[in-house]
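Computed from the coordinates by the stated procedures, all read-outs in this text should not be read as laboratory data. Predicted model, so just to flag it, every value in this text is computed and none were measured. Using ideal geometry, Cβ is built from the backbone for each residue, glycine included, and neighbour counts are taken over all protein chains shown.
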Amino acid sequence: EFALLTKNYYKNIALVGDAAVQVKPLTGGGIFYGLKSAELLAKCIRDKKLDEYDRLLKRKFGKEIKFALKARKFYEEINKKELKNIFMLFKKNAGFIEKVANFENHSVIFIEILKNPKIFRDARQILSRNIGKLLF
C-alpha cells in the first residue's frame, strides 16, 4: 500500500526512501521522494530535532501523495476505452501537456487541466464516470 508511514523514526533510527515506503503511488518510483526525504532527515539530525521528521514529511509530501493515491485508484478503475481516450486527449494537447507537466508532482497537470476550459471540457466528457474519485 502506498502512503506515508505515520512513524518514520524511533529513538535514533530513521527510515528514508523505499524502507519508509516513500514511493510515488502512480509510478512506484522512489528516487525523488528518497532524496528529498534524506534532505529533510539531514536537517532534522543537524538541528537535533528528529521528532520533527514525520511532520516535515507530511507537510512536504502529504497532499501530493493523497492526490496520487486517488489518481492511482482512478486509474485502476477506468476501462481500456477511457484510458485510450485519455491518451488521445494528451496527444491532441501535447504542447500544453509538455508545458505544464511536472513528473515529480503529478497533481500539477490535473490542476492545470482544471484551469483550461477547453481541455477540461474534453476531459470531463471522457472521465465523467469516474472524475469524482479524483476530486473527492
*Answer label, with semi-axes √(5λ) of the Cα gyration tensor in Å calculated from the coordinates and candidates (i) 34, 15, 12; (ii) 26, 21, 12; (iii) 31, 14, 11*: (i)
*Simple spin-label model, 7 Å along Cα-to-Cβ: Asn79 to Lys49 in nm?*
5.3
*Could you size up the charge dipole of segment 9-72 around its Cα centre, putting +1 on the beta carbon of Lys and Arg and -1 on that of Asp and Glu, and report it in debye to the nearest 20?*
240
*Could you work out the longest stretch of the chain that avoids the trypsin sites (Lys or Arg not before Pro) located in DSSP loops with at most 14 other Cβ atoms within 10 Å?*
50-128
*Rank these for me by crowding, Ile45, Ile78, Ile65, going from fewest to most other beta carbons within 10 Å.*
Ile45, Ile78, Ile65
*How high is the relative contact order of segment 78-135, in percent, with contacts defined as C-alpha pairs under 8 Å that are six or more residues apart?*
36
*FRET efficiency estimate (nearest 0.05) - Cβ-Cβ, Lys91 to Ser128, R0 22 angstrom*: 0.65
*Taking the Cα atoms only, what angle lies between the long axis of helix 80-92 and the longest principal axis of the chain, rounded to 10 degrees?*
90
_Spatially proximal lysines relative to Lys36 (Cα-Cα < 21 Å; intrachain offsets below 8 disregarded)_ = Lys7, Lys24, Lys48, Lys49, Lys58, Lys60, Lys63, Lys66
_Cα-centred dipole magnitude for the chain, charges only on beta-carbon of K, R (+1) and D, E (-1), debye, nearest 20_ = 400
*Value at 222 nm in deg cm²/dmol, rounded to 500, when DSSP H runs of n ≥ 4 in the chain each add -39,500 (n - 2.57)*: -20000 deg cm²/dmol
